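A short write-up of the structure that comes next.
The values are calculated or read from the model by the stated rules, or taken from the named source; none is laboratory data. For clarity, every value in this text was computed on a predicted model and none was experimentally measured. Here the Cβ positions follow ideal geometry from the backbone for every residue, glycine too, while neighbour counts run over all protein chains shown.
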Amino acid sequence: MAKLNQKKELGKGIRALLGDINQQINEEEDMLIAEKPKTTNTQLISLDKVEVNPFQPRVNFDEDALEDLANSIRVHGIIQPLTVRELTGTNKYQLISGERRWRASHLAGLKEVPVYIRTANDQEALEMALIENIQREELNAIEIGVNYQRLIDECKLNHEELADRVGKKRATISNYIRLLKLPPDIQVAVREDKISMGHARALAGVDGIDLQLSIFKEVVSKHLSVRQTESLVAQRSSQRAPRSTKEIKSQPPFVKRWQDDLSSHLSTKVTIQHNDKGDGQLILSYADEKDLERLIELIS
């Protein structure tokens, strides 16, 4: 019985200690909140004083969706404030995130909008805009890849640093960026939701733009699933006869580069036969008469 009473007393002591700790944490949090700079508070500013962000990675805004948002703002107001930075010496503010809400506010006829004012230089503003843009759910895989690449190029980040910034695995970052090496036709198909990222990832693993395009056309025409696409990629890649060592050595590096560039631009197989004298032949392949007309139109 004595041991039981000791355990009860010990339990009360621990609960009391935890209660004191929780109270101390809550008091410290309240102090931190009180000490936060005013720039984290929501402020109302004139809509006319807010300028669009020249670093904004998003360029397409659905007009119908904007009108729907404007109607909602007329009824409920802006629920999520815009994020802006103050432009020194201009009495103006520049958007960091929230251009869609900014546009809809103009449509709704608002005079003032709630904002969070952040302190940020050009690079920080770009980084915040890109990361905010990536977090949008409706982005397609190519748009995400483009934003990742911009963060790498313009914010001087490597894949590891970028993965930490956006909370993703390094392999995930690399998979999205690999899609940007696909021919334009395949990238457009991803943007237009004709194929999924799974399809695109399978095609990105194919060696040679001409083979990528050939498999892509079959995937679209036959409405193949991702698994079927992966099987087709494995089958067609194994069937492709490897070029001889002599053929590989005889091709200057620029020939392969031009073949790939032209194949990507024309969406068809391009073969350049270049000889030691500096002349040769440029051969374009086409699937049917309609494809030939398309090529002639592109070239002319």
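Across segment 177-199, what is the total count of residues that are under 16 Å from the mean Cα position of the chain (by Cα), surrounded by fewer than 17 Cβ atoms within 10 Å (Cβ to Cβ), touching a residue at least 12 places away in the same chain (Cβ under 8 Å) and in a loop (DSSP other than H, G, I, E, B)?
2
Of all residues in segment 205-233 being exposed (fewer than 15 other Cβ atoms within 10 Å of the Cβ) and acidic (Asp, Glu), which is farthest from Asn140 (Cα to Cα)?
This residue is Asp207.
Yes or no, residue by residue, for (1) in a strand (DSSP E or B); (2) at pLDDT 70 or above; (3) of a type in the set (Ser, Thr, Tyr); (4) surrounded by fewer than 16 Cβ atoms within 10 Å (Cβ to Cβ):
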residue: Phe254; (1), (2), (3), (4): no, yes, no, yes
residue: His265; (1), (2), (3), (4): no, no, no, yes
residue: Ile272; (1), (2), (3), (4): yes, yes, no, no
residue: Gly278; (1), (2), (3), (4): no, yes, no, yes
residue: Leu282; (1), (2), (3), (4): yes, yes, no, yes
residue: Arg294; (1), (2), (3), (4): no, yes, no, no
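Write out, first by first residue and then by second, each pair whose Cβ atoms fall under 6 Å of each other, whose residues are 6+ apart or on separate chains, and whose first residue, in segment 89-103, is on the phi > 0 side of the Ramachandran plot while the second is part of a strand (DSSP E or B) and buried (at least 22 other Cβ atoms within 10 Å of the Cβ).
Close Cβ pairs satisfying both conditions: Gly98/Leu82.
Quick check, is Asn53 at pLDDT below 75, under 23 Å from Arg191 (Cβ atoms) and surrounded by 18 or more Cβ atoms within 10 Å (Cβ to Cβ)?
On the way: at pLDDT below 75: no; under 23 Å from Arg191 (Cβ atoms): yes; surrounded by 18 or more Cβ atoms within 10 Å (Cβ to Cβ): yes.
Criteria not met by Asn53.
Is one or more of the residues making up segment 180-189 among the β-branched types (Val, Ile, Thr), farther than 17 Å from Leu262 by Cβ and modelled with pLDDT of 90 or more?
Yes, there is a match, as at least one residue in segment 180-189 is among the β-branched types (Val, Ile, Thr), farther than 17 Å from Leu262 by Cβ and modelled with pLDDT of 90 or more.
Can we say Lys168 is crowded, with 16+ Cβ neighbours inside 10 Å, free of Cβ contacts under 8 Å to residues at least 12 places away in the same chain and not hydroxyl-bearing (Ser, Thr, Tyr)?
On the way: crowded, with 16+ Cβ neighbours inside 10 Å: yes; free of Cβ contacts under 8 Å to residues at least 12 places away in the same chain: yes; not hydroxyl-bearing (Ser, Thr, Tyr): yes.
Spelling it out, Lys168 is indeed crowded, with 16+ Cβ neighbours inside 10 Å, free of Cβ contacts under 8 Å to residues at least 12 places away in the same chain and not hydroxyl-bearing (Ser, Thr, Tyr).
Which of (1) under 29 Å from Val255 (Cα atoms); (2) surrounded by fewer than 21 Cβ atoms within 10 Å (Cβ to Cβ); (3) without any contact (Cβ under 8 Å) to a residue 40 or more places away in the chain does Ala202 not meet, given it meets every other one?
Of the numbered conditions (1) under 29 Å from Val255 (Cα atoms); (2) surrounded by fewer than 21 Cβ atoms within 10 Å (Cβ to Cβ); (3) without any contact (Cβ under 8 Å) to a residue 40 or more places away in the chain, the odd one out for Ala202 is (2).
Just need a number here: residues in segment 67-112 that are touching a Lys or Arg at 6+ places or on another chain (Cβ under 8 Å), outside any loop (DSSP other than H, G, I, E, B) and over 19 Å from Ala129 (Cα atoms).
Of the residues in segment 67-112, 3 are touching a Lys or Arg at 6+ places or on another chain (Cβ under 8 Å), outside any loop (DSSP other than H, G, I, E, B) and over 19 Å from Ala129 (Cα atoms).
Take the residues in segment 93-117 that are among the aliphatic types (A, V, I, L, M) and surrounded by fewer than 23 Cβ atoms within 10 Å (Cβ to Cβ); name whichever of them is farthest from the chain's Cα centre (by Cα).
From segment 93-117, those among the aliphatic types (A, V, I, L, M) are 95-96, 104, 107-108, 110, 113, 115, 117; that's our starting set.
Those still in the list that are surrounded by fewer than 23 Cβ atoms within 10 Å (Cβ to Cβ) too: 95, 107-108, 110, 117.
Values: Leu95: 19, Leu107: 27, Ala108: 29, Leu110: 31, Ile117: 25 Å.
Of everything passing the filter in segment 93-117, Leu110 is farthest from the chain's Cα centre (by Cα).
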